[in-house]
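Bear in mind that the values in this text are calculations on the coordinates, not laboratory data. Keep in mind that this is a model prediction, so the values were computed, not measured. No Cβ is skipped: glycine too gets one built from the backbone with ideal geometry, and neighbour counts run over all protein chains shown.
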Amino acid sequence: MRKLVYYVGVSIDGFIAGPGGEVDFYPVADDMAAWINERLPETVPSHIRPRVGLEDAPNKRFDALVMGLATYRPALDIGVTSPYAHLRQYVASTTLEEIADPGVELVRKPLDTVRALKAAEGGGDIWLCGGGRLAAALLPEIDELIIKSYPVVAGGGLPVFSGGFGPTLFTPTERRSFSNGAQVTWFDRTA
């Protein structure tokens, strides 16, 4: 069965973005960017892929992604209606009226959508791209976490999970460090 994987960058204090959606405070490193481009090229937005030599790179892990409106909005703000055109894209929102781009599907019941995607035959895993409220709503279906932990305190913003209290155990399985002090850690849901 396909997995739902929450792959996200997080500050030391547990925020995925600043109060206004900022992510430019994360320290960048060439070795980390090269690793992402090699291992998970499909997580690089379509409009950036040609600039980093990934225009024809095949998807290695994911073939679909689910994101909340706050994650989708920055793309819309720069005129990009299909930020991951190389993946099947689902935007979970109860407030967005419609999405004009046929490559992006608006979903009102993300838990049902994810369960249907996971049950479908074949294909890659499903990337939970963000945000925190959506991650909390989909927590019962998250099979794996890939957390990019950056050595910075945000002090406030959008938490990695934003929902009710519900302790859920995950087991760390791998860790990789980079020159910017960031670490990527893989966690599997504990049975």
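Residues in the range 113-142 that are surrounded by 22 or more Cβ atoms within 10 Å (Cβ to Cβ) and of a type in the set (Val, Ile, Thr) were compared, and the one that is farthest from the chain's Cα centre (by Cα) is 114.
When restricted to residues that are outside any loop (DSSP other than H, G, I, E, B) and loosely packed, with under 12 Cβ neighbours inside 10 Å, the range 143-172 contains 2.
The lone criterion from (1) closer than 22 Å to residue 149 by Cα; (2) within 15 Å of the chain's Cα centre (by Cα) left unmet by residue 18 is number (2).
Within the range 173-191, the set of residues being of a type in the set (A, V, I, L, M, F, W, C), part of a loop (DSSP other than H, G, I, E, B) and touching a residue at least 24 places away in the same chain (Cβ under 8 Å) comprises 178, 182. Is it the case that some residue within the range 43-56 is in contact (Cβ under 8 Å) with a residue 40 or more places away in the chain, under 25 Å from residue 188 (Cβ atoms) and either in contact with a strand residue (DSSP E or B) (Cβ under 6 Å, 6 or more places away or on another chain) or among the aromatic types (Phe, Trp, Tyr) (or both)? Scanning the range 43-56, I find no residue that is in contact (Cβ under 8 Å) with a residue 40 or more places away in the chain, under 25 Å from residue 188 (Cβ atoms) and either in contact with a strand residue (DSSP E or B) (Cβ under 6 Å, 6 or more places away or on another chain) or among the aromatic types (Phe, Trp, Tyr) (or both), so the answer is no.
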